[in-house]
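Presented below is the structure to which this report refers.
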Amino acid sequence: MLLRFGVANHGSIATYQELQLTATALKDAEHGLFVFGTGEGSPASKVFRVLPVAGIYGANASGKSTLLSAFEFFIGGIVTSHTGVAASAGTPYFPFRLDEESRKLPSQYDADVVLDGIRYHYGYVVDGKKIAREWLYSFDLAASRQARTILFIRETDDKLLTEFQFSKSLRGENKLISKLVRPNSLFLSAAAQNAHPQLGPLFDYFYKNVAQRLDSAIEESTIPEQLETYFGNDEARRATAVEFLKAADIGIAGIDFSKAPIGERETLLLQELEQILRKHYPKSEEISLIDGKKKERAKVSLLHLGADGKKYPIALQQESSGTRALLQLLGPAFARLGSGGLLIVDELNSALHPLVSRELIRLFSSPVTNPGKAQLIFTTHDTNLLSGGLLRRDQVWFTEKDPTGATHVYALSDIKVRANDNLERGYLMGRFGAIPFMGCGLTDFANLFQKAIQEDSK
């Protein structure tokens, strides 16, 4: 699970900022926290608790989405740098561009995760030309003394010469794999592609166990396949999802899965798309949008309860946009709850009703409904989530831009506020910052607008 993520010089983020998912010492409710370091030989002082949920608030364009996109960038480098980036392409690079110095500085990304009782600290630095630095440290959480073990450090100079330092604790063909690493590819990415026994699980965490919903647009064509993948052959998981939909009170009483034949017109269209990809993207030769053996595609209808007590199927395209947005999020959420991992959602309020958002947060916050110890990180403008003790103070984070246009990230727990205070009211009143600054009041704006209309009518 994720303990923290840090980033510097990415998008609107200039100086180093981090999001932490370790609980503070505040005496807030502890139900649902993940606890580590309680095994034999672990002194009580080394026990730490991890948050299942973190919500990020802030004004529009304050950097909420930038923080999530930085994490997406970080994972993208891990997953694709060795196989998806050309040798001469340099590295992707999105520095802060509102001052001349930052435009030339490298960007840093790093994270701490816990896997099988081991805490890993991994990160890298890019500058548009190369991976300037990459490192991996580990901490054994069961040890009586939390000493840092350096597993590897890699540095690449301006002449694109790369040097590696490996620890004896890192088992595997390290030197052999290091010869395959290009200046613009990560050692972790190369190691995973070459079946490194010790680094494979860390790579898999980011590759397989992190689900991101950063685009609020509804991709209707992908929903049937997603629902079938997550719920089609799992009766227990499907029943749980249906119960959640019932609780959301959107009139759904069940999900009906069926198959529809792939038409000739659809097949021809996919063939044309394949040809375009192969023509303009040489590395897409192995991409196949058509499965020659697959003659059918998934079809999903939602069952609604009629006045006569019978269930009637309604086609997906006839459902409301809100229902389809919920369905697009439902599969990844329940997959993570069952098997663990991390779900990241940008603008949770645009996909879900406030009451449904609260229920989703409760699912991740309860050990009963979250046996896989999954985590949820989301951005939102929904201040209702700040009421009713739903979130601890260290689960509420804010983003705010300073006068230079740079984003700063901070937690509510950094501010002097009591757990029983009206957090929603305090936020809306500006006690915690991270709200829009209106240069003029609404009355002044209305007067200016009216004056402009009068000028146009002359």
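Some points to look at:
- Subset tally (residues that are at pLDDT 90 or above and hydroxyl-bearing (S, T, Y)) for the range 341-368: 2
- Of note, Y122 satisfies the criterion of being open to solvent by less than 10 Å² (accessible area, probe 1.4 Å), outside any loop (DSSP other than H, G, I, E, B) and under 24 Å from G6 (Cα atoms).
- Failed item in (1) open to solvent by less than 40 Å² (accessible area, probe 1.4 Å); (2) under 30 Å from K64 (Cα atoms); (3) in contact with a strand residue (DSSP E or B) (Cβ under 7 Å, 6 or more places away or on another chain); (4) not in a strand (DSSP E or B), with F206 passing the rest: (3)
- Restricting the first member to the range 304-319 and to residues that are free of Cβ contacts under 8 Å to residues at least 40 places away in the same chain, and the second to residues that are among the aliphatic types (A, V, I, L, M), the beta-carbon pairs closer than 7 Å and six or more apart or on different chains are Y312/L303; I314/L302; E319/L302.
- Residue check for F152: touching a helix residue (DSSP H, G or I) at 6+ places or on another chain (Cβ under 7 Å), in a strand (DSSP E or B) and without any contact (Cβ under 8 Å) to a residue 24 or more places away in the chain: no
- Candidates in the range 180-192 are the residues that are farther than 16 Å from I153 by Cβ and more than 23 Å from the chain's Cα centre (by Cα); of these, the one that is most open to solvent (accessible area, probe 1.4 Å) is L180.
- Among the residues making up the range 373-387, those that are in a loop (DSSP other than H, G, I, E, B) and in contact with a helix residue (DSSP H, G or I) (Cβ under 8 Å, 6 or more places away or on another chain) are A374, T380, H381, D382, S387.
- Residue match in the range 338-347 (condition: part of a helix (DSSP H, G or I) and in contact with a Leu (Cβ under 6 Å, 6 or more places away or on another chain)): no
- Identity of the residue in the range 337-351, more than 21 Å from L67 (Cα to Cα) and out of contact with any Ser or Thr (no Cβ under 7 Å at 6 or more places or on another chain), that ends up surrounded by the most Cβ atoms within 10 Å (Cβ to Cβ): G338
Residues checked against (1) surrounded by 19 or more Cβ atoms within 10 Å (Cβ to Cβ); (2) in a loop (DSSP other than H, G, I, E, B):
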site: R49; (1), (2): no, no
site: Y57; (1), (2): yes, no
site: N60; (1), (2): no, yes
site: S65; (1), (2): yes, no
site: A70; (1), (2): yes, no
site: G77; (1), (2): yes, no
site: Y93; (1), (2): no, yes
site: K104; (1), (2): no, yes
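The values are calculated or read from the model by the stated rules, or taken from the named source; none is laboratory data. Remember, predicted model here, so these are calculated numbers, not experimental data. We place every Cβ from the backbone using ideal geometry, glycine too, and count neighbours over all the protein chains shown. To get the accessible areas, we keep the full protein, side chains included, count just its heavy atoms, and leave off ligands, DNA and RNA. Shrake-Rupley method; radii C 1.70, N 1.55, O 1.52, S 1.80 Å.
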